[in-house]
């Protein structure tokens, strides 16, 4: 089976994303990555709030590795990628990048999210219908 093209989400860097020098603050990259994963789910037809309300399930970050290669700057146009690298019964491993639109890779990330029963705050297997959509 051929691997799917990564999902991409555009982001522009605003003052609120930067430090006093106009360089993106490290925590802003986490927000960019999170937003891209949320938009990826939305593109699959999953409304996270409705899904949580109907199933009692949500996706929580379990583990994250980041490699900061270059800095993003005020007003940069970025492209955030999302690719499913591995799927387990109760978790998904994503490979993500943050690139300038000129193709320069700024950040590489590996993010594992767990499917969690929010009432018990315990990992649970993903429902079969959702599980099929998430096949890399």
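The values are calculated or read from the model by the stated rules, or taken from the named source; none is laboratory data. Treat the numbers as computed from the prediction; the structure is a model and nothing was measured. Methodologically, a virtual Cβ is constructed for each residue, glycine included, from the backbone with ideal geometry; neighbour enumeration extends over all protein chains shown.
Just to be sure, is residue 67 loosely packed, with under 12 Cβ neighbours inside 10 Å, farther than 24 Å from residue 116 by Cβ, modelled with pLDDT of 95 or more and within 18 Å of the chain's Cα centre (by Cα)?
Details: loosely packed, with under 12 Cβ neighbours inside 10 Å: yes; farther than 24 Å from residue 116 by Cβ: yes; modelled with pLDDT of 95 or more: yes; within 18 Å of the chain's Cα centre (by Cα): yes.
Answer is yes for this residue.
Residue by residue, here is whether (1) more than 30 Å from residue 14 (Cα to Cα); (2) assigned to a loop (DSSP other than H, G, I, E, B); (3) touching a strand residue (DSSP E or B) at 6+ places or on another chain (Cβ under 6 Å) holds:
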| residue | (1), (2), (3) |
| --- | --- |
| 81 | no, no, yes |
| 107 | no, no, yes |
| 125 | yes, yes, no |
| 129 | yes, no, no |
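Scanning segment 88-126 for residues being in contact with a helix residue (DSSP H, G or I) (Cβ under 7 Å, 6 or more places away or on another chain) and either under 25 Å from residue 50 (Cα atoms) or modelled with pLDDT under 95 (or both) gives a total of 3.
Taken over segment 1-42, residues that are part of a loop (DSSP other than H, G, I, E, B), at pLDDT 95 or above and closer than 16 Å to residue 93 by Cα amount to 0.
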